[in-house]
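Student: What follows is a single structure, and I will ask about it in a moment.
The values are calculated or read from the model by the stated rules, or taken from the named source; none is laboratory data. Predicted model only: the values in this text are computed from it and were never measured. Note that each Cβ is placed from the backbone with ideal geometry, even for glycine, and that neighbours are counted across all protein chains shown.
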Amino acid sequence: MLLQASIDWNLTIHIIDPDAEAPCRHLATSFTQGSLTDYDTVYQFGQQVDVLTIEIERVNVEALEALEKEGKRIYPQPSVIRTIQDKRLQKQFYRAHNIPTADFILTENRADVQTIADDFLPAFHKLGRDGYDGRGVQRIASSADTGKAFDAPGVLEQAVDFEKELAVIVARNEQGELATFPTVEMVFHPEHNLVEYLFAPAEISPAIDQQAQAIARQTTEAFGIVGLLAVELFLTKNGEILVNEVAPRPHNSGHHTIRANVTSQFEQHWRAILGLPLGDTTALTTAAMLNLLGEPGHSGPAQYEGMETLLSLPGVFPFLYGKKITRPFRKMGHITVIGSDLTEIQAKAETIKKSIKVCSRQ
(Lines give C-alpha, C1' and ligand atoms only; values in the text may rest on other atoms or scores of the structure.)
Protein backbone atom coordinates (compact mmCIF):
# COMPACT_ATOMS: atom_id res chain seq x y z
CA MET A 1 0.00 0.00 0.00
CA LEU A 2 2.96 2.30 0.55
CA LEU A 3 4.14 1.41 -2.94
CA GLN A 4 0.73 2.09 -4.42
CA ALA A 5 0.73 5.54 -2.81
CA SER A 6 4.24 6.24 -4.17
CA ILE A 7 3.21 5.48 -7.76
CA ASP A 8 1.05 8.63 -7.89
CA TRP A 9 4.18 10.71 -7.29
CA ASN A 10 6.47 8.73 -9.59
CA LEU A 11 8.85 7.92 -6.73
CA THR A 12 11.67 5.44 -7.33
CA ILE A 13 11.28 2.78 -4.64
CA HIS A 14 13.70 -0.04 -3.87
CA ILE A 15 12.54 -2.83 -1.57
CA ILE A 16 14.32 -5.42 0.55
CA ASP A 17 12.28 -8.30 1.98
CA PRO A 18 13.22 -11.81 3.16
CA ASP A 19 10.44 -13.43 1.12
CA ALA A 20 11.43 -14.11 -2.50
CA GLU A 21 7.72 -14.04 -3.40
CA ALA A 22 6.82 -10.90 -1.44
CA PRO A 23 3.77 -9.26 -3.06
CA CYS A 24 5.63 -5.93 -3.28
CA ARG A 25 8.33 -7.29 -5.62
CA HIS A 26 6.33 -6.65 -8.79
CA LEU A 27 5.49 -3.03 -7.90
CA ALA A 28 8.94 -1.85 -6.79
CA THR A 29 11.54 -0.27 -9.05
CA SER A 30 13.92 -2.96 -7.81
CA PHE A 31 13.57 -5.82 -5.36
CA THR A 32 16.23 -7.43 -3.16
CA GLN A 33 15.67 -10.64 -1.25
CA GLY A 34 17.53 -10.47 2.03
CA SER A 35 17.34 -10.71 5.80
CA LEU A 36 16.19 -7.57 7.57
CA THR A 37 18.06 -8.60 10.72
CA ASP A 38 21.48 -9.22 9.10
CA TYR A 39 23.87 -6.28 9.53
CA ASP A 40 25.72 -6.56 6.23
CA THR A 41 22.57 -7.12 4.18
CA VAL A 42 20.79 -4.07 5.60
CA TYR A 43 23.93 -1.91 5.46
CA GLN A 44 24.64 -2.74 1.81
CA PHE A 45 21.02 -2.15 0.82
CA GLY A 46 21.00 1.21 2.60
CA GLN A 47 24.05 2.36 0.67
CA GLN A 48 21.98 2.37 -2.53
CA VAL A 49 19.15 4.70 -1.47
CA ASP A 50 18.69 8.37 -0.56
CA VAL A 51 16.00 7.91 2.10
CA LEU A 52 15.39 4.65 3.95
CA THR A 53 12.19 3.70 5.78
CA ILE A 54 10.70 0.56 7.33
CA GLU A 55 7.34 -1.18 7.51
CA ILE A 56 8.30 -3.60 10.30
CA GLU A 57 10.30 -2.87 13.43
CA ARG A 58 12.25 -6.14 13.41
CA VAL A 59 15.27 -4.80 11.56
CA ASN A 60 19.00 -4.54 12.27
CA VAL A 61 19.26 -1.20 14.07
CA GLU A 62 23.06 -1.29 14.24
CA ALA A 63 23.21 -1.18 10.45
CA LEU A 64 20.74 1.70 10.35
CA GLU A 65 22.78 3.60 12.94
CA ALA A 66 25.95 3.14 10.85
CA LEU A 67 24.16 4.42 7.76
CA GLU A 68 22.78 7.40 9.69
CA LYS A 69 26.29 8.35 10.84
CA GLU A 70 27.37 8.35 7.20
CA GLY A 71 24.66 10.90 6.38
CA LYS A 72 21.85 8.68 5.12
CA ARG A 73 18.35 9.97 5.87
CA ILE A 74 16.64 7.21 7.83
CA TYR A 75 13.06 7.71 9.03
CA PRO A 76 11.88 6.72 11.51
CA GLN A 77 15.22 7.35 13.14
CA PRO A 78 17.20 4.31 14.36
CA SER A 79 17.07 5.59 17.96
CA VAL A 80 13.26 5.56 17.80
CA ILE A 81 13.18 2.06 16.29
CA ARG A 82 15.61 0.79 18.96
CA THR A 83 13.33 1.94 21.76
CA ILE A 84 10.08 0.75 20.21
CA GLN A 85 11.29 -2.69 19.10
CA ASP A 86 11.96 -3.58 22.77
CA LYS A 87 8.77 -3.42 24.84
CA ARG A 88 10.85 -3.11 28.02
CA LEU A 89 12.53 0.05 26.74
CA GLN A 90 9.22 1.28 25.38
CA LYS A 91 7.46 1.05 28.74
CA GLN A 92 10.37 2.69 30.55
CA PHE A 93 10.29 5.48 27.96
CA TYR A 94 6.65 6.23 28.81
CA ARG A 95 7.42 6.35 32.51
CA ALA A 96 10.43 8.63 31.99
CA HIS A 97 8.41 11.06 29.84
CA ASN A 98 5.28 11.13 32.05
CA ILE A 99 3.17 9.43 29.40
CA PRO A 100 0.27 7.62 31.09
CA THR A 101 0.49 3.84 30.76
CA ALA A 102 -0.48 0.71 32.68
CA ASP A 103 1.68 -0.26 35.66
CA PHE A 104 4.40 -2.78 34.79
CA ILE A 105 7.27 -4.87 36.13
CA LEU A 106 10.35 -5.83 34.12
CA THR A 107 11.11 -9.56 34.21
CA GLU A 108 14.18 -11.50 33.12
CA ASN A 109 12.67 -14.99 33.00
CA ARG A 110 9.69 -17.15 33.95
CA ALA A 111 10.91 -17.45 37.53
CA ASP A 112 10.58 -13.68 37.98
CA VAL A 113 6.93 -13.86 36.96
CA GLN A 114 6.33 -16.68 39.42
CA THR A 115 7.41 -14.40 42.30
CA ILE A 116 4.86 -11.68 41.48
CA ALA A 117 2.28 -11.07 44.20
CA ASP A 118 -1.32 -12.03 43.39
CA ASP A 119 -2.50 -8.45 43.89
CA PHE A 120 -0.65 -7.42 40.69
CA LEU A 121 -2.64 -9.95 38.67
CA PRO A 122 -4.34 -10.32 36.25
CA ALA A 123 -1.59 -9.13 33.93
CA PHE A 124 -0.13 -9.71 30.49
CA HIS A 125 3.38 -11.04 30.04
CA LYS A 126 4.97 -9.68 26.88
CA LEU A 127 8.27 -10.69 25.33
CA GLY A 128 10.66 -7.77 25.32
CA ARG A 129 11.56 -8.34 21.69
CA ASP A 130 10.12 -9.96 18.57
CA GLY A 131 6.47 -10.12 19.59
CA TYR A 132 4.23 -9.20 16.65
CA ASP A 133 0.52 -9.31 15.74
CA GLY A 134 -0.49 -10.92 19.01
CA ARG A 135 2.48 -13.29 19.20
CA GLY A 136 4.65 -12.95 22.26
CA VAL A 137 1.79 -12.12 24.65
CA GLN A 138 0.42 -14.34 27.43
CA ARG A 139 -2.42 -13.53 29.80
CA ILE A 140 -1.54 -14.35 33.41
CA ALA A 141 -4.89 -14.35 35.17
CA SER A 142 -3.61 -15.71 38.50
CA SER A 143 -0.56 -17.35 40.04
CA ALA A 144 -1.80 -20.66 38.60
CA ASP A 145 -1.02 -19.28 35.11
CA THR A 146 2.58 -18.23 35.74
CA GLY A 147 3.85 -21.38 34.02
CA LYS A 148 2.64 -19.78 30.76
CA ALA A 149 5.08 -16.90 31.16
CA PHE A 150 7.98 -16.56 28.73
CA ASP A 151 11.36 -17.77 29.94
CA ALA A 152 13.06 -14.74 28.41
CA PRO A 153 13.36 -11.01 29.15
CA GLY A 154 9.93 -9.44 29.14
CA VAL A 155 7.55 -7.04 30.79
CA LEU A 156 4.59 -7.95 32.98
CA GLU A 157 1.88 -5.38 32.37
CA GLN A 158 -1.02 -5.05 34.77
CA ALA A 159 -4.34 -5.72 33.02
CA VAL A 160 -6.41 -2.60 32.39
CA ASP A 161 -10.16 -2.60 33.02
CA PHE A 162 -10.90 -0.72 29.83
CA GLU A 163 -14.08 0.52 28.22
CA LYS A 164 -12.67 0.78 24.70
CA GLU A 165 -9.41 0.38 22.79
CA LEU A 166 -8.58 3.43 20.71
CA ALA A 167 -5.85 4.48 18.31
CA VAL A 168 -4.54 7.76 16.94
CA ILE A 169 -2.07 7.97 14.07
CA VAL A 170 0.20 11.01 14.20
CA ALA A 171 2.47 12.24 11.41
CA ARG A 172 5.54 14.40 12.01
CA ASN A 173 7.85 15.70 9.28
CA GLU A 174 11.48 16.87 9.37
CA GLN A 175 10.37 20.43 10.11
CA GLY A 176 8.47 19.33 13.24
CA GLU A 177 5.01 19.84 11.73
CA LEU A 178 2.42 17.49 13.28
CA ALA A 179 -0.91 16.21 11.98
CA THR A 180 -3.21 13.68 13.65
CA PHE A 181 -5.80 11.42 12.08
CA PRO A 182 -9.20 11.18 13.79
CA THR A 183 -9.37 8.78 16.73
CA VAL A 184 -10.57 5.28 15.88
CA GLU A 185 -12.04 2.48 17.98
CA MET A 186 -10.54 -0.99 17.65
CA VAL A 187 -12.14 -4.35 18.39
CA PHE A 188 -9.70 -7.22 18.89
CA HIS A 189 -10.14 -10.92 18.19
CA PRO A 190 -10.87 -12.52 21.60
CA GLU A 191 -8.24 -15.25 21.20
CA HIS A 192 -5.52 -14.02 18.84
CA ASN A 193 -4.87 -10.41 19.92
CA LEU A 194 -5.34 -9.16 16.36
CA VAL A 195 -7.46 -6.19 15.33
CA GLU A 196 -10.66 -7.79 14.03
CA TYR A 197 -12.24 -4.53 12.94
CA LEU A 198 -12.26 -0.83 13.72
CA PHE A 199 -14.70 2.04 13.49
CA ALA A 200 -13.88 5.62 12.56
CA PRO A 201 -14.57 7.91 14.20
CA ALA A 202 -14.59 6.31 17.64
CA GLU A 203 -17.83 6.61 19.62
CA ILE A 204 -16.40 8.76 22.40
CA SER A 205 -17.17 12.16 23.88
CA PRO A 206 -15.42 15.29 22.57
CA ALA A 207 -13.53 15.56 25.88
CA ILE A 208 -12.20 11.99 25.64
CA ASP A 209 -11.31 12.58 21.99
CA GLN A 210 -9.33 15.69 22.88
CA GLN A 211 -7.52 13.76 25.61
CA ALA A 212 -6.65 10.88 23.26
CA GLN A 213 -5.39 13.28 20.59
CA ALA A 214 -3.32 15.26 23.10
CA ILE A 215 -1.64 12.14 24.54
CA ALA A 216 -0.89 10.83 21.05
CA ARG A 217 0.74 14.14 20.14
CA GLN A 218 2.67 14.20 23.43
CA THR A 219 3.98 10.71 22.73
CA THR A 220 5.02 11.63 19.20
CA GLU A 221 6.83 14.76 20.35
CA ALA A 222 8.61 12.81 23.09
CA PHE A 223 10.01 10.38 20.52
CA GLY A 224 10.80 13.18 18.08
CA ILE A 225 9.94 10.75 15.31
CA VAL A 226 9.95 11.68 11.63
CA GLY A 227 7.27 9.61 9.90
CA LEU A 228 4.12 8.06 11.33
CA LEU A 229 3.47 6.94 14.89
CA ALA A 230 0.42 4.79 15.56
CA VAL A 231 -0.49 5.23 19.22
CA GLU A 232 -2.70 2.48 20.66
CA LEU A 233 -4.68 3.58 23.72
CA PHE A 234 -6.90 2.20 26.45
CA LEU A 235 -9.95 4.17 27.58
CA THR A 236 -10.49 2.96 31.14
CA LYS A 237 -13.84 2.56 32.87
CA ASN A 238 -13.15 5.73 34.87
CA GLY A 239 -12.34 7.84 31.80
CA GLU A 240 -8.54 7.72 31.82
CA ILE A 241 -6.50 7.39 28.63
CA LEU A 242 -3.45 5.11 28.84
CA VAL A 243 -0.89 4.37 26.13
CA ASN A 244 -0.73 0.65 25.39
CA GLU A 245 1.83 0.36 22.59
CA VAL A 246 3.06 2.32 19.59
CA ALA A 247 4.17 1.43 16.07
CA PRO A 248 6.55 3.70 14.09
CA ARG A 249 5.03 3.08 10.65
CA PRO A 250 1.77 2.87 8.72
CA HIS A 251 -0.52 0.71 10.84
CA ASN A 252 -3.56 -1.51 10.74
CA SER A 253 -5.53 1.17 12.57
CA GLY A 254 -5.13 3.51 9.59
CA HIS A 255 -5.84 1.27 6.62
CA HIS A 256 -9.33 2.73 6.18
CA THR A 257 -7.84 6.16 5.42
CA ILE A 258 -7.25 5.12 1.78
CA ARG A 259 -10.99 5.57 1.15
CA ALA A 260 -12.19 7.51 4.17
CA ASN A 261 -9.84 10.51 4.55
CA VAL A 262 -8.59 13.35 2.38
CA THR A 263 -5.02 12.04 2.78
CA SER A 264 -4.30 8.36 3.43
CA GLN A 265 -1.81 7.30 6.08
CA PHE A 266 0.39 5.93 3.28
CA GLU A 267 0.62 9.22 1.39
CA GLN A 268 1.14 10.97 4.72
CA HIS A 269 4.11 8.74 5.49
CA TRP A 270 5.80 9.76 2.23
CA ARG A 271 5.07 13.42 2.94
CA ALA A 272 6.60 13.15 6.42
CA ILE A 273 9.82 11.32 5.53
CA LEU A 274 10.46 13.40 2.41
CA GLY A 275 10.18 16.68 4.32
CA LEU A 276 7.02 17.78 2.51
CA PRO A 277 3.99 19.61 3.97
CA LEU A 278 1.67 17.19 5.71
CA GLY A 279 -1.69 16.44 4.11
CA ASP A 280 -5.22 17.15 5.31
CA THR A 281 -6.35 14.28 7.60
CA THR A 282 -10.04 15.24 7.62
CA ALA A 283 -12.44 12.29 7.45
CA LEU A 284 -14.63 12.36 4.36
CA THR A 285 -17.06 9.77 5.71
CA THR A 286 -17.79 7.39 8.55
CA ALA A 287 -15.85 4.18 8.04
CA ALA A 288 -15.01 0.73 9.31
CA MET A 289 -12.14 -1.61 8.53
CA LEU A 290 -12.23 -5.38 8.85
CA ASN A 291 -9.12 -7.53 8.72
CA LEU A 292 -9.40 -10.42 6.29
CA LEU A 293 -7.85 -13.37 8.13
CA GLY A 294 -7.07 -16.89 7.04
CA GLU A 295 -9.74 -19.37 8.14
CA PRO A 296 -8.96 -21.78 11.00
CA GLY A 297 -7.90 -25.19 9.70
CA HIS A 298 -6.79 -23.86 6.31
CA SER A 299 -3.14 -23.74 5.22
CA GLY A 300 -1.98 -23.64 1.62
CA PRO A 301 -2.64 -21.75 -1.63
CA ALA A 302 -5.27 -19.09 -0.89
CA GLN A 303 -8.68 -18.75 -2.43
CA TYR A 304 -11.27 -16.14 -1.54
CA GLU A 305 -14.88 -17.18 -1.08
CA GLY A 306 -17.74 -14.68 -1.11
CA MET A 307 -16.12 -11.94 -3.20
CA GLU A 308 -19.21 -11.58 -5.41
CA THR A 309 -21.41 -10.95 -2.38
CA LEU A 310 -18.87 -8.50 -1.04
CA LEU A 311 -18.59 -6.53 -4.26
CA SER A 312 -22.37 -6.30 -4.61
CA LEU A 313 -22.57 -4.18 -1.44
CA PRO A 314 -22.36 -0.38 -1.88
CA GLY A 315 -19.56 1.38 -0.05
CA VAL A 316 -17.50 -1.77 0.44
CA PHE A 317 -13.88 -1.93 -0.78
CA PRO A 318 -11.70 -5.05 -0.49
CA PHE A 319 -7.89 -4.79 -0.46
CA LEU A 320 -6.11 -8.10 -1.00
CA TYR A 321 -2.44 -8.26 -0.08
CA GLY A 322 -1.28 -10.69 -2.75
CA LYS A 323 -0.08 -13.35 -0.31
CA LYS A 324 -0.14 -16.68 -2.10
CA ILE A 325 -0.30 -18.88 1.01
CA THR A 326 -2.96 -18.66 3.68
CA ARG A 327 -2.62 -19.86 7.28
CA PRO A 328 -5.05 -19.73 10.19
CA PHE A 329 -5.51 -16.08 11.24
CA ARG A 330 -2.87 -14.80 8.82
CA LYS A 331 -3.65 -11.27 7.59
CA MET A 332 -4.54 -11.71 3.92
CA GLY A 333 -6.16 -8.35 3.29
CA HIS A 334 -8.64 -5.90 4.70
CA ILE A 335 -12.05 -4.51 3.79
CA THR A 336 -13.00 -0.87 4.15
CA VAL A 337 -16.67 0.04 4.60
CA ILE A 338 -17.99 3.57 4.26
CA GLY A 339 -21.45 4.90 4.96
CA SER A 340 -23.57 7.66 6.42
CA ASP A 341 -23.40 6.54 10.07
CA LEU A 342 -22.00 3.85 12.37
CA THR A 343 -25.28 1.95 12.57
CA GLU A 344 -25.29 1.39 8.81
CA ILE A 345 -21.61 0.49 8.79
CA GLN A 346 -21.86 -1.95 11.69
CA ALA A 347 -24.70 -3.77 9.90
CA LYS A 348 -22.59 -4.03 6.73
CA ALA A 349 -19.61 -5.23 8.75
CA GLU A 350 -21.63 -8.08 10.24
CA THR A 351 -22.81 -9.11 6.76
CA ILE A 352 -19.25 -9.03 5.47
CA LYS A 353 -17.90 -11.14 8.33
CA LYS A 354 -20.38 -13.88 7.45
CA SER A 355 -19.95 -13.72 3.68
CA ILE A 356 -16.22 -13.76 2.90
CA LYS A 357 -13.64 -16.37 3.86
CA VAL A 358 -10.00 -17.02 2.99
CA CYS A 359 -9.60 -20.75 2.52
CA SER A 360 -6.96 -23.01 1.03
CA ARG A 361 -7.47 -24.77 -2.27
CA GLN A 362 -8.15 -28.43 -1.64
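Student: Among 30, 79, which is the only one that is over 18 Å from residue 223 (Cβ atoms) and of a type in the set (S, T, N, Q)?
Tutor: Unique residue meeting the criteria: 30.
Student: If you don't mind, another one. Listed residues 343, 281; which is buried (at least 18 other Cβ atoms within 10 Å of the Cβ) and farther than 22 Å from residue 135 by Cα?
Tutor: 281
Student: If I filter region 134-147 for residues that are modelled with pLDDT under 95, surrounded by fewer than 14 Cβ atoms within 10 Å (Cβ to Cβ) and closer than 15 Å to residue 108 by Cα, do I get at least one hit?
Tutor: Among the residues of region 134-147, at least one is modelled with pLDDT under 95, surrounded by fewer than 14 Cβ atoms within 10 Å (Cβ to Cβ) and closer than 15 Å to residue 108 by Cα, which makes the answer yes.
Student: Going residue by residue through region 300-322, is there one that turns out to be touching a Leu at 6+ places or on another chain (Cβ under 7 Å), of a type in the set (D, E, K, R) and without any contact (Cβ under 8 Å) to a residue 40 or more places away in the chain?
Tutor: Within region 300-322, none of the residues are touching a Leu at 6+ places or on another chain (Cβ under 7 Å), of a type in the set (D, E, K, R) and without any contact (Cβ under 8 Å) to a residue 40 or more places away in the chain.
Student: Then there's this: If you go through region 167-186 one residue at a time, do you hit one that is closer than 22 Å to residue 104 by Cβ, touching a residue at least 40 places away in the same chain (Cβ under 8 Å) and crowded, with 23+ Cβ neighbours inside 10 Å?
Tutor: Looking for residues that are closer than 22 Å to residue 104 by Cβ, touching a residue at least 40 places away in the same chain (Cβ under 8 Å) and crowded, with 23+ Cβ neighbours inside 10 Å, one finds at least one in region 167-186, hence yes.
Student: Just to confirm my filter: which helices (runs of 4 or more DSSP H) fall fully inside region 47-111 and include at least 3 residues that are aliphatic (A, V, I, L, M)?
Tutor: 61-69, 78-84
Student: In addition: Answer yes or no: is there a residue in region 93-107 that is touching an Asp or Glu at 6+ places or on another chain (Cβ under 6 Å), surrounded by 15 or more Cβ atoms within 10 Å (Cβ to Cβ) and without any contact (Cβ under 8 Å) to a residue 24 or more places away in the chain. Can you show your working first?
Tutor: Narrowing region 93-107 to residues touching an Asp or Glu at 6+ places or on another chain (Cβ under 6 Å): 102, 104.
Filter once more, so that each one left must be surrounded by 15 or more Cβ atoms within 10 Å (Cβ to Cβ): 102, 104.
Retained after the next criterion (residues that are without any contact (Cβ under 8 Å) to a residue 24 or more places away in the chain): none.
No, region 93-107 contains no residue that is touching an Asp or Glu at 6+ places or on another chain (Cβ under 6 Å), surrounded by 15 or more Cβ atoms within 10 Å (Cβ to Cβ) and without any contact (Cβ under 8 Å) to a residue 24 or more places away in the chain.
Student: Search region 260-281 for residues that are without any contact (Cβ under 8 Å) to a residue 24 or more places away in the chain and not assigned by TED's automatic domain parsing to the domain that holds residue 51 and pair each with any residue that is part of a helix (DSSP H, G or I) and surrounded by 24 or more Cβ atoms within 10 Å (Cβ to Cβ) when their beta-carbon atoms are under 8 Å apart and the residues are at least 6 apart or on different chains.
Tutor: 263/257
Student: Would you tally the residues in region 192-238 being touching a residue at least 40 places away in the same chain (Cβ under 8 Å) and either assigned to a helix (DSSP H, G or I) or of a type outside the set (A, V, I, L, M) (or both)?
Tutor: Step one: of region 192-238, the residues touching a residue at least 40 places away in the same chain (Cβ under 8 Å) are 192-201, 203-204, 212-213, 215-237.
From what is left, the residues that are either assigned to a helix (DSSP H, G or I) or of a type outside the set (A, V, I, L, M) (or both) are 192-193, 196-197, 199, 201, 203, 212-213, 215-224, 227, 232, 234, 236-237.
So the count comes out to 24.
Student: Could you please give the count of residues in region 70-92 that are more than 19 Å from the chain's Cα centre (by Cα) and within 17 Å of residue 226 (Cβ to Cβ)?
Tutor: The total comes to 4.
Student: Assess whether residue 7 counts as being of a type in the set (Val, Ile, Thr) and closer than 25 Å to residue 82 by Cα.
Tutor: no
Student: Show the residue pairs meeting these rules: Cβ distance below 6 Å; 6+ apart or different chains; first residue within region 18-44 and under 21 Å from residue 130 (Cα atoms); second residue polar (S, T, N, Q) and not in a helix (DSSP H, G or I).
Tutor: Pairs that qualify, where the first residue is under 21 Å from residue 130 (Cα atoms) and the partner is polar (S, T, N, Q) and not in a helix (DSSP H, G or I), are 18/35; 37/60; 39/60; 41/35; 42/60.
Student: Taking region 247-262, which residues are charged (D, E, K, R) and not in a helix (DSSP H, G or I)?
Tutor: 249
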